[in-house]
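Have a look at the structure below before the remarks.
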Amino acid sequence: SLGHGYLALEAMAAQIPILFPKSRKSYGNVEDFLIKTSKQFKVKDIEEYKKKFLLSFENKDELISLTHKLLNDRDFNQFYGEHYKKVISKILPDSFEDFCDILK
């Protein structure tokens, strides 16, 4: 229920695809960052983009199928890992000045 947090960001930067249930209650970091960087990738249809790059499952069979693909299909795994790394590379880090601005 807490989501992936910084673990997701570290995995994305390391080109590791992330699976999560479709029944989640809110956006996770992967989805947030896909949305935030969609303009930089010139995405025209955000819903289609999310369908393509969010590895979510609805039931146990879908989870097993996705896991099997990620473990056995190098191209499938690499496709998602490379895009996730590109997404993370587009995120600008916050600075100490940003933190000070928040405190004001």
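The values are calculated or read from the model by the stated rules, or taken from the named source; none is laboratory data. If you're wondering where the values come from, they're calculated on a predicted model, not measured in any experiment. Please note: Cβ atoms are built from the backbone with ideal geometry, for glycine as well, and neighbour counts cover all protein chains shown. Please note that ligands, DNA and RNA were not included when accessible areas were found on the heavy atoms of the full protein model with its side chains. Shrake-Rupley method; radii C 1.70, N 1.55, O 1.52, S 1.80 Å.
On the stretch given as segment 63-99, residues that are open to solvent by less than 100 Å² (accessible area, probe 1.4 Å) and either within 18 Å of the chain's Cα centre (by Cα) or within 22 Å of LEU9 (Cβ to Cβ) (or both) total 22.
If only residues of segment 6-35 that are under 18 Å from LYS86 (Cα atoms) and loosely packed, with under 14 Cβ neighbours inside 10 Å are counted, the one that is modelled with the lowest pLDDT is TYR6. The set of residues in segment 80-100 being in contact with a helix residue (DSSP H, G or I) (Cβ under 9 Å, 6 or more places away or on another chain) and assigned to a helix (DSSP H, G or I) consists of TYR80, GLY81, HIS83, TYR84, LYS85, LYS86, VAL87, ILE88, SER89, LYS90.
Note on segment 46-61: residues that are open to solvent by 80 Å² or more (accessible area, probe 1.4 Å) and modelled with pLDDT of 90 or more amount to 6.
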